[in-house]
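Peer 1: Here you go, one structure.
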Amino acid sequence: LPFGMTYVAGSATVWRPFPHTNQVRDLFSYKVYTNQDGNVDWLGAWTEVGDDGVVTNGNIQLTVDNAVFPGHAFALRTAGTSAVLRAANLAGYTNATVQFEYRRTGLDAAGDALLVSASSNNGASFTQIGQVGGLTNDGDYAQAAFNLTPYIATNTILRFSGSATRDTNDYIWLDDVR
């Protein structure tokens, strides 16, 4: 208590009139899979699945998106059917949403998409919670958001993977994953 104040049991109420938001976040500001840009840290690095595991090579990579500047100097480029995933501790939260920016280039089949999935059992199983796709090329980044609330756990895993029809020239760029 501040100087000069005293507490009388049962006489005070604490009221918090504003919502509080915590974020795990990756702005992809550096060419590493370990960026921690939120006020809460991710549990570990991004992990590639079905690719070479090298941050600057392969179907999943952090690279310069030459088509859009400024603001997206580096972005996570996904191609083919490979996947990338990352875990966060969401235990204790009542609501959770994944939000990110994306840009599509070279999608040439109706089923070309980036599948967004979540796991609440340490990756034993995943459930698709959304997707970004379509026969289109984006001139700039767009926003996407999907509900993670049913997957709140001490080790919630977020996964981005390519649909079965995507080939290595079907790019979906991701930035500012939070």
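Peer 1: Would you mind stating whether Thr127 is open to solvent by 40 Å² or more (accessible area, probe 1.4 Å), over 18 Å from Asp26 (Cβ atoms), in contact with a Ser or Thr (Cβ under 9 Å, 6 or more places away or on another chain) and β-branched (Val, Ile, Thr)?
Peer 2: So Thr127 fits the description; yes.
Peer 1: Still on this model: Would you confirm, using the coordinates I've provided, whether Leu158 is closer than 26 Å to Thr63 by Cβ, open to solvent by less than 40 Å² (accessible area, probe 1.4 Å) and at pLDDT 95 or above?
Peer 2: yes
Peer 1: Now a separate question. Determine whether the range 76-96 contains at least one residue that is buried (at least 17 other Cβ atoms within 10 Å of the Cβ), over 22 Å from Ala145 (Cα atoms) and among the polar types (S, T, N, Q).
Peer 2: no
Peer 1: In this structure, is Ala109 under 18 Å from Tyr33 (Cα atoms) and surrounded by 13 or more Cβ atoms within 10 Å (Cβ to Cβ)?
Peer 2: Answer is no for this residue.
Peer 1: Within the range 35-65, track down each residue that is out of contact with any Gly (no Cβ under 9 Å at 6 or more places or on another chain) and either of a type in the set (Lys, Arg) or open to solvent by 50 Å² or more (accessible area, probe 1.4 Å) (or both).
Peer 2: If the condition is that a residue be out of contact with any Gly (no Cβ under 9 Å at 6 or more places or on another chain) and either of a type in the set (Lys, Arg) or open to solvent by 50 Å² or more (accessible area, probe 1.4 Å) (or both), then Gln36, Asp37, Asn39, Asp41, Leu43, Val49, Gly53, Val54, Thr56, Asn57, Val64 are the ones that fit.
Peer 1: For residues that are in contact with an Asp or Glu (Cβ under 8 Å, 6 or more places away or on another chain) and within 18 Å of Ala75 (Cβ to Cβ), tally how many sit in the range 114-143.
Peer 2: Going through the range 114-143 one residue at a time, the tally reaches 4.
Peer 1: With the requirement that a residue be in contact with a strand residue (DSSP E or B) (Cβ under 7 Å, 6 or more places away or on another chain) and not in a strand (DSSP E or B), what does the range 104-121 give you?
Peer 2: Gly106, Leu107, Asp112, Ser120
Peer 1: Taking the stated definitions as given, is Gly111 within 21 Å of Val49 (Cβ to Cβ), in contact (Cβ under 8 Å) with a residue 24 or more places away in the chain and out of contact with any Asp or Glu (no Cβ under 8 Å at 6 or more places or on another chain)?
Peer 2: yes
Peer 1: Just to be sure I understand the filter: pairs with C-beta atoms under 7 Å, separated by 6 or more residues or on different chains, first member in the range 38-61 and under 11 Å from Ser82 (Cβ atoms) and in a loop (DSSP other than H, G, I, E, B), second member among the β-branched types (Val, Ile, Thr) and open to solvent by 40 Å² or more (accessible area, probe 1.4 Å). Which pairs pass?
Peer 2: Pairs found: Gly50/Thr81; Asn59/Thr168.
Peer 1: Now for a different question. If a residue must be under 18 Å from Ala145 (Cα atoms) and either open to solvent by 20 Å² or more (accessible area, probe 1.4 Å) or among the aliphatic types (A, V, I, L, M) (or both), how many such residues does the range 97-106 contain?
Peer 2: Total meeting the criteria: 6.
The values are calculated or read from the model by the stated rules, or taken from the named source; none is laboratory data. Not measured: the values here are computed from a predicted model. Note that each Cβ is placed from the backbone with ideal geometry, even for glycine, and that neighbours are counted across all protein chains shown. Just so you know, the surface numbers come from the protein's heavy atoms only, side chains and all, with ligands and any DNA or RNA stripped out. Shrake-Rupley method; radii C 1.70, N 1.55, O 1.52, S 1.80 Å.
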